[in-house]
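S.K.: Mind having a look at this structure? Questions to follow.
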Amino acid sequence: MEQNNQWQDKQDIKSLELAELTEAMVQMGQPKFRGKQVYSWLHEKRVESFEEMSNLPAAFRQQLAQNYYINSLSIIRKLTSKIDGTQKYLLRLKDNNCVEAVLMKYKYGNSVCISTQVGCRMGCKFCASTLAGLVRSLEPSEMLDEIYTVTRDSGQRVSNVVLMGIGEPFDNYDNVMKFLHILSSPEGYNLSLRHLSLSTCGLVDRIYQLAEEKVGLTLSISLHAPNDEIRSQTMPINKRYPIDELLEACRYYFNKTGRRISFEYALIEGVNDEVRHANELADRLRGMSAHVNLIPVNPVKERGFKRGSRQRIEAFQKALEARGVNATIRRELGADINAACGQLRREYDQQRSQGREEL
């Protein structure tokens, strides 16, 4: 693929919020209403060039093109599940890095899981996304374009968004917040943030910060262990923010926002999936308005973790429910296309390093 690097000398116009864009248009000598016009073209009509902005004067379109670029992503690979129609996308960024997005179809609408970083530095032992570390964080426009690209390719509107792909959203906090503001803007894509879920491994300071934002999203905590000993072995972030400190922040978030917390719990055979672990977890969550989403761990060949039997997983769920904790087993989508986060990107990067880009 031929790369156009002209963007390096220009500003990313799609990452500007409406107020910022309006101010920029005024600085260019344009009336204020130009900001809303351009914003609509970018986020409502989702054009990929200034030439498509047909209700703008030609001279102004040329001026925009001289100072700004419109970010876009290209599809490297798309896999479609023969089981449930889930579609997994490998997407190329403007600097030739790549990320993943997954389109999942439910009765209530279409949900897309997007990435917030290229790689991840959190080091969770069961995750393929973090194996090669962090390359860089995504800009607001790049996160938006994961949604816009999937929408354009599928021809279907996305009604729910999950920030649970490659990367730690709170490690890219400022860009993620701008992304949320633009995505939910009535003048743009206009997605209610009550239809958005953000998953974090537990950066406590950011949980407190998000509570003050009052954005109305669903906060999901990647907990994956009932105690500090197990969690520190599998999730290095726990050494900085132990479970009690993390749960205290979660209680604050609920009290501040009234939004129930969802806890993600990947069940790893012989590590955290025994009934005694479920009972210990229930004790930890006592008194909280919480939901536990049980996830059979996705095998990552570099890690060696295995999932237990269905009977073992159901026993864990029943133990939680017997103690009054709402728990569900996550429905697995795209099982035949390796829809687990990070695996497709890792395969592609490995082949690219060997001089082969075909997957």
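S.K.: Which residues, taken from the range 256-271, are closer than 26 Å to residue 214 by Cα, touching a helix residue (DSSP H, G or I) at 6+ places or on another chain (Cβ under 8 Å) and not aliphatic (A, V, I, L, M)?
M.R.: 256, 257, 259, 260, 265
S.K.: Let me ask another. In the range 133-176, which residues are part of a helix (DSSP H, G or I) and touching an Asp or Glu at 6+ places or on another chain (Cβ under 7 Å)?
M.R.: Passing the criteria: 141, 175.
S.K.: What are the residues in the range 258-275 that are at pLDDT 95 or above, crowded, with 18+ Cβ neighbours inside 10 Å and outside any strand (DSSP E or B), if any?
M.R.: Within the range 258-275, 272, 273, 274 qualify.
S.K.: Might you check whether a residue that is part of a strand (DSSP E or B) and of a type in the set (Gly, Ala, Ser) occurs anywhere in the range 310-320?
M.R.: Among the residues of the range 310-320, not one is part of a strand (DSSP E or B) and of a type in the set (Gly, Ala, Ser), which makes the answer no.
S.K.: Considering only the range 74-132, state which residues are assigned to a loop (DSSP other than H, G, I, E, B) and of a type in the set (Lys, Arg).
M.R.: Within the range 74-132, 82, 94, 107, 121, 125 qualify.
S.K.: Another question about this same structure. How about the range 11-49: which of its residues are among the β-branched types (Val, Ile, Thr) and more than 15 Å from residue 181 (Cβ to Cβ)?
M.R.: Within the range 11-49, 13, 26, 38, 47 qualify.
S.K.: Looking at (1) outside any helix (DSSP H, G or I); (2) under 27 Å from residue 306 (Cα atoms), which is the one condition that is false for residue 246?
M.R.: Going through (1) outside any helix (DSSP H, G or I); (2) under 27 Å from residue 306 (Cα atoms) one by one, residue 246 breaks only (1).
Per-residue answers, yes or no, for (1) without any contact (Cβ under 8 Å) to a residue 24 or more places away in the chain; (2) within 20 Å of the chain's Cα centre (by Cα); (3) within 28 Å of residue 184 (Cβ to Cβ):
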{"site": "222", "(1), (2), (3)": "no, yes, yes"}
{"site": "229", "(1), (2), (3)": "yes, no, no"}
{"site": "233", "(1), (2), (3)": "no, no, no"}
{"site": "266", "(1), (2), (3)": "no, yes, no"}
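S.K.: Taking the criterion of being farther than 27 Å from residue 243 by Cα, assigned to a helix (DSSP H, G or I) and of a type in the set (D, E, K, R), would at least one residue in the range 185-203 satisfy it?
M.R.: no
S.K.: May I pose another question? Can you find, within the range 147-190, the residue that is surrounded by the fewest Cβ atoms within 10 Å (Cβ to Cβ) among those that are closer than 17 Å to residue 222 by Cβ and of a type in the set (Gly, Ala, Ser)?
M.R.: So the residue we want is 165.
S.K.: Please identify the pairs in which a residue from the range 195-214 that is of a type in the set (D, E, K, R) has its Cβ atom under 9 Å from the Cβ atom of a residue that is assigned to a loop (DSSP other than H, G, I, E, B), counting only partners at least 6 apart or on another chain.
M.R.: Filtered contacts from the range 195-214: 205/241.
S.K.: Still on this structure, I have one more. So which residues in the range 196-238 are at pLDDT 95 or above and at positive phi?
M.R.: Scanning the range 196-238 gives 202, 224.
S.K.: Just checking, which of 53, 104 is crowded, with 18+ Cβ neighbours inside 10 Å, in contact with a strand residue (DSSP E or B) (Cβ under 8 Å, 6 or more places away or on another chain) and more than 22 Å from residue 177 (Cβ to Cβ)?
M.R.: On inspection, the qualifying residue turns out to be 104.
S.K.: Can you pull out the residues in the range 107-125 that are in contact (Cβ under 8 Å) with a residue 24 or more places away in the chain, over 16 Å from the mean Cα position of the chain (by Cα) and more than 30 Å from residue 204 (Cα to Cα)?
M.R.: 108, 109 - these are the residues of the range 107-125 that are in contact (Cβ under 8 Å) with a residue 24 or more places away in the chain, over 16 Å from the mean Cα position of the chain (by Cα) and more than 30 Å from residue 204 (Cα to Cα).
S.K.: Continuing with this model, one more query. Could you grab the pairs with beta carbons closer than 9 Å, sequence gap of 6+ or different chains, first residue in the range 168-185 and on the phi < 0 side of the Ramachandran plot, second one surrounded by 21 or more Cβ atoms within 10 Å (Cβ to Cβ) and among the acidic types (Asp, Glu)?
M.R.: Partner pairs satisfying both residue conditions: 175/142; 179/142.
S.K.: Here's a follow-up. If I ask for residues that are acidic (Asp, Glu) and not in a helix (DSSP H, G or I), which ones from the range 25-73 would you list?
M.R.: Selection gives 44, 48.
S.K.: Which of the numbered conditions does residue 129 fail, given that it passes all the others? Conditions: (1) closer than 25 Å to residue 70 by Cα; (2) within 16 Å of the chain's Cα centre (by Cα); (3) not aliphatic (A, V, I, L, M).
M.R.: All conditions are met except number (1).
The values are calculated or read from the model by the stated rules, or taken from the named source; none is laboratory data. From a predicted model like this one, the values you see are computed outputs, not experimental measurements. Glycine gets a Cβ as well: all are built from the backbone with ideal geometry, and neighbour counts include every protein chain shown.
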